[in-house]
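Peer 1: The following block contains the structure, expressed as structure tokens.
No lab work stands behind these numbers, since they all come straight from the coordinates. Everything quoted here is computed from the prediction, not taken from an experiment. Glycine also receives a Cβ, built like all others from the backbone with ideal geometry; neighbour counts cover every protein chain displayed.
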Amino acid sequence: MSMNFVLVGCGRIATLHVAGYKDYQDAKLYGVYDKNINCAKKFAAEHGIPKVYESYEQVLADDKVTGVEILTPHHLHCQMTIQACNAKKHVSVQKPMALNLVECDQMIEAAKKNGVKLKVYENFVFYPPYQIAKKLLDNGEIGEPQAMRYKMNNAALCSLNAPATKMRAKSAGVKLDEDLPSTGWKVNPLSWAWRLNESLSGGGPVVFDDGYHKFSIIMHMLGDVEKVCAWIDYTPVMPGVYQDSPATIMWKHKDSKIYGVFDVSCSKDMYIQSKYYTCDERMEITGSRGIIWVTRCTATLLPDVAPVVMYRDGKLTEFWDMPCDWQDSFINCTRDFIDSIKHDREPMLSGERGREVLKFALAAIDSSKQNKEIYLDSYEDKELMKKKGIISIFFKKKK
Ligand SMILES: NC(=O)c1ccc[n+]([C@@H]2O[C@H](COP(=O)([O-])OP(=O)(O)OC[C@H]3O[C@@H](n4cnc5c(N)ncnc54)[C@H](O)[C@@H]3O)[C@@H](O)[C@H]2O)c1
């Protein structure tokens, strides 16, 4: 019997949620819903999706719908997930799972009570180069894991989603058309607006929002985390508006001497080639016998370097033979949701695992605020968010 799925929220990321359903066993992208009905209609027409719903209640009342993918701003994740579970729909909810751990518990409870799957949609763990690196690691190719370094570069020069590209290029001494083509995809300013309001997003766009991917892949590669210590600074992205970077986050894995560092730099005059966000990630894992590098993910800063490289016994081995477009991670992630329902197994990240990842993120942020290291086992939660004014903390005074 065919399973029918509905995308809820037809914004920027929804475009990457379509391909996973194409020609995939017994699953169909059946409908869409967005509170902006014109946006939903346009999206459905562009992607050949048969049905456009007029309300979320209508989606949930439709017996033909097997599951929903929630692709809305973060403050809606908890409430929409609980509603869907109560309507006996399976749920995939985009990262970060929720605003805080209390919400995670409510979502997990709702899924359990109703006997439906709850998947936190975090695609990095499905990115083929990371999958290859994980296999090498688990097969002991570099010996016992010792440490991880994870680097993220945000850039803006010639990026279609960063304003004032021309002025920036001029001040950096770059001739735009001759030297560098535009890079990155277009992002509707509305897609940034809610992210800069902490009561809607739950935290900063870099460490809390995008960072969820990084906290997830760190735990996926090397296991649970014992403690974390972080410095998270603020940088203006436009006059008076700040984002949560640069940042340096350090952690120790449980029951081991494995340490890691994740750091973020934002370079407004740096050019990064990308079909998506102009944000590049590089991972390095050191083992007792060798080193594994994963040299890309969202963007392609180093197109001539193999996606995965391993050093061992004086030799470098390059791994080229894999799909490595960022979109591939979305295809695999969507299929994990479908398969978890079809084979009645836990999805990868389950609600419980998604909660652990969120805890890592929240503890890192609190560590920076409180200037101290935080042990995850004894960390519970910050209080439920109180409504703050628009753009709240991002209007901080420059130090
Ligand atoms: N996996 C990734 O790499 C990745 C990348 C970007 C965004 N995301 C996540 O995806 C989610 C959506 O992000 P986005 O960038 O697409 O945001 P967006 O702002 O571009 O899109 C959100 C959409 O939700 C709609 N919406 C808002 N309230 C709604 C409601 N009550 N009912 C129905 N629709 C509603 C908006 O009209 C909009 O079209 C977030 O959780 C975000 O963190 C994940």
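Peer 1: Can you list the residues, at least 5 places off or on another chain, whose amide H is less than 5 Å from the amide H of Asp224, using H built in the peptide plane?
Peer 2: Hits under the 5 Å cutoff: Lys254.
Peer 1: Here is a further query. So what J values fall out for the range 273-286 if you push phi through Karplus, 6.51 cos²θ - 1.76 cosθ + 1.60 with θ = phi - 60°, rounded to Hz, Gly and Pro as x?
Peer 2: Result, rounded to whole Hz: 6, 7, 8, 10, 6, 8, 9, 10, 10, 9, 10, 9, 10, 9.
Peer 1: At 222 nm, what helix-only mean residue ellipticity would the chain give, in deg cm²/dmol to the nearest 500, using -39500 (n - 2.57) for each DSSP H run of four or more? Mind showing how you got there, number by number?
Peer 2: Details: 12 runs with 121 residues, N = 399.
Helix contribution divided over all residues of the chain: -9000 deg cm²/dmol.
Peer 1: Please work out how much length the chain gains when fully extended from Lys175 to Gln58, using 0.36 nm per residue of separation minus the C-alpha to C-alpha distance, in nm with one decimal.
Peer 2: On the way: separation 117, 0.36 × 117 = 42.12 nm, distance 5.21 nm.
Computed gain between Lys175 and Gln58 is 36.9 nm.
Peer 1: If you stretched the chain out fully between Lys369 and Glu346, how much longer would it get, using 0.36 nm times the residue separation minus the C-alpha to C-alpha distance? Walk me through the intermediate numbers first.
Peer 2: Numbers: separation 23, 0.36 × 23 = 8.28 nm, distance 3.49 nm.
Full-extension gain reported as 4.8 nm.
Peer 1: Using a/c under 1.5 as the rounded threshold, could you call the range 185-310 rounded, prolate or oblate? The axes a ≥ b ≥ c are square roots of the C-alpha gyration tensor eigenvalues, and prolate needs a/b larger than b/c, oblate otherwise. Write out the running numbers ahead of the final one.
Peer 2: Details: a/c = 2.25, a/b = 1.34, b/c = 1.69.
Oblate, because a/c is 1.5 or more while a/b does not exceed b/c.
Peer 1: In the chain, what percentage of the DSSP-assigned beta bridges are antiparallel, given to the nearest 5? Walk me through the numbers on the way to the answer.
Peer 2: Details: 42 of 72 bridges.
So the antiparallel bridges amount to about 60 percent of the total.
Peer 1: Can you sort Val264, Val32, Val125 by how many other beta carbons sit within 10 Å, fewest first?
Peer 2: Numbers: Val264 26, Val32 29, Val125 22.
Ascending Cβ contact count within 10 Å gives the list Val125, Val264, Val32.
Peer 1: Whose amide H sits under 5 Å from the amide H of Gly143, counting only residues 5 or more places off or on another chain, with H placed in the peptide plane?
Peer 2: Amide H neighbours of Gly143, under 5 Å, 5+ apart: Arg289.
Peer 1: Which order do Phe215, Phe319, Phe360 fall in if you start with the one that has the fewest other Cβ atoms within 10 Å?
Peer 2: Values: Phe215 30, Phe319 18, Phe360 24.
Ordered from fewest to most neighbouring Cβ atoms within 10 Å, Phe215, Phe319, Phe360 come out as Phe319, Phe360, Phe215.
Peer 1: Just rank Trp231, Trp194, Trp320, fewest to most, by other beta-carbon atoms within 10 angstrom. It would help to have the intermediate numbers written out before the result.
Peer 2: Numbers: Trp231 14, Trp194 17, Trp320 10.
Starting with the residue having the fewest Cβ neighbours, the order is Trp320, Trp231, Trp194.
Peer 1: Follow-up. Excluding Met283 itself, what net charge comes from residues whose Cβ is under 14 Å from its Cβ, given Lys and Arg +1 and Asp and Glu -1?
Peer 2: Numbers: positive: Lys134, Arg149, Lys151, Lys214, Arg282, Arg296; negative: Asp263, Asp280, Glu281, Glu284.
In short, +2.
Peer 1: Rounded if a/c is under 1.5, else prolate if a/b beats b/c, else oblate: with a ≥ b ≥ c from the C-alpha gyration tensor eigenvalues square-rooted, which is the chain?
Peer 2: rounded
Peer 1: Here's a follow-up. Read phi for every residue in the range 364-373 and hand back ³J(HN,Hα) as whole Hz from Karplus 6.51 cos²θ - 1.76 cosθ + 1.60, θ = phi - 60°, with x for Gly and Pro.
Peer 2: 4, 5, 5, 4, 5, 5, 9, 6, 8, 6
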